[in-house]
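Everything on this sheet refers to the single structure shown next.
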Amino acid sequence: MLQITKLWTGVALASLLMLGTASAETVLKSSDTHPDGYPTVEGVKYFGELVKERTGGRYAIEVYHSAQLGEEKDTIEQVRSGVIELNRVSMAPFNGTVKESIVPALPYIFRSEEHMHKVMDGAIGDQIKAAFEPAGLVALAFYDAGARSFYNSKMPIKTVADMKGLKFRVIQSDIFVDMVAALGANATPMPYGEVYSSIETGVIDGAENNFPSFDTAKHYEVAKNYSLDEHTILPEVFVMNKAAFDKLTPEDQEIFKQAAKDSVAKQRELWAAKTQESRGNVEKAGAAINEVEKQGFIDAMKPVYEKHITDEVLKKLVADVQAVQ
Ligand code: GTR
């Protein structure tokens, strides 16, 4: 009898303990529009592993990939209001909310990916990160998204003149709308998930993105001409709801920040490999990649800068970015 009582007390204790651990684990939700395995999804998963490890399992990050929680604009509202705690999105949809986010979204602001890294890893990156706070967000990290170029179902674009009259989906930002207008084409901002069918049905002629997106969203199936104008080297941003971040102890805040920083190196490595792989995939599938007369594109961007870089903060930021060697 004594043995049995002991056994039951043991079982009860064990389940109590298990309950204890389960309730001590705080689960934070993170959204991503891309499929599982995409470098941004893997970057956030890696961040989650580090957080779990370094907090002794007190925090777990659940990554909802493939736009399971909605399109980017909607998930930005969710993370701002605290419905979800984390979100990995492009910088461009923030252009209307976080003024400083305009600068890295400007066409041809960065001379190369190395230039972008130098800027975003340094003091300017910190200034842009801080600008997310009034929007109720903590920008934890910037990830790579390579260069965005135009692709379409009609013909290869070689010069600015070829852009005339074509209809492109752009990411949801006025900078992109004005950029396309300055090139003589028409822009329709729409959610990422609607691009494939909109090209297929002829609502638009094409879109603009990097190789991994062009590949994984299968846009190459409906728009075979990819033209390397490389108009932006637009970073991604990994954000956290500010109230959720403020609830963490100062030690945990450091753990989250460091884990995000550590995940950047991992994401960059995965990004470089994926870009190569995706370029190969789309070429094998019959997409035609062509060079463009790039200087014409660069020259055409003047009105975009004139319209959007009007206040002193942005003027200085642009000059600071350009001065980074
Ligand atoms: C991708 C980016 C996504 C999304 C998409 C788009 O390059 O990684 O977060 O912004 O572009 O064009 O909507």
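Label separation (Ala181 vs Ala243): 3.7 nm, computed from points 7 Å beyond Cα along the C-beta direction. Assuming a ≥ b ≥ c are the square roots of the Cα gyration tensor eigenvalues, decide whether segment 110-254 counts as rounded (a/c under 1.5), prolate (otherwise, with a/b larger than b/c) or oblate. In terms of gyration-tensor shape, prolate. Only helical runs count toward this figure. For the chain, summing -39,500 (n - 2.57) over DSSP H runs of n ≥ 4 and dividing by all residues gives -14500 deg cm²/dmol at 222 nm. Checking the a/c ratio against 1.5 first, then a/b against b/c, what shape does the Cα gyration tensor give for segment 151-233? The shape class here is rounded.
The dipole here belongs to segment 85-235: it is taken about the Cα centre, uses +1 on the Cβ of Lys and Arg and -1 on the Cβ of Asp and Glu, and is about 360 debye.
Averaging the Cα positions of each part gives two centres, and for segment 129-149 and segment 288-325 these lie 19 Å apart. Shape summary: segment 46-170 maps onto an equivalent ellipsoid whose semi-axes, from the alpha-carbon gyration tensor, are 31, 19, 15 Å in decreasing order.
Over the C-alpha trace of segment 34-107, radius of gyration and Dmax come out as 13.9, 43 angstrom. Taking only alpha carbon atoms, the chain gives an Rg to Rh ratio of 1.06, where Rh is the Kirkwood radius. Using the Cβ of Met116 as centre and a radius below 14 Å, the other residues enclosed give a net charge of -3, where K and R count +1 and D and E count -1.
Using Cβ point charges alone (K and R +1, D and E -1), the dipole size of the chain about the Cα centre works out to roughly 220 debye. Pairwise Cα separations in segment 209-325 fall into 10 Å bins from 0 onward with the following percentages, short to long: 10, 25, 28, 27, 9, 1. Under 5 Å from the amide H of Asp229 lie the amide H atoms of Phe150, each residue being 5 or more positions distant or on a separate chain, with H modelled from the backbone and absent for Pro and chain starts. Mean separation of Cα pairs under 8 Å and 6+ residues apart, divided by the residue count of segment 115-237: what relative contact order is that in percent? Result for segment 115-237 is 38 percent.
So, in Å, what gap is there between the alpha-carbon centers of segment 184-231 and segment 82-125? Here the answer is 21 Å between Cα centres. Shape index of segment 139-199: Rg/Rh, with Rg the Cα radius of gyration and Rh the Kirkwood radius from the inverse mean 1/r over Cα pairs, equals 1.01.
Among the DSSP beta bridges whose two residues both lie in the chain, what percent are antiparallel, rounded to the nearest 5? Of the beta bridges lying entirely in the chain, close to 55 percent run antiparallel. Its Cα centre serving as origin, segment 103-160 has a Cβ charge dipole (Lys and Arg +1, Asp and Glu -1) of approximately 420 debye.
Bear in mind these aren't lab numbers, they're just calculated from the coordinates by the rules spelled out. Bear in mind that the values here come from a model prediction, so they are computed numbers and not experimental data. So basically every Cβ, Gly included, is an ideal-geometry build from the backbone, and we count neighbours across all protein chains shown.
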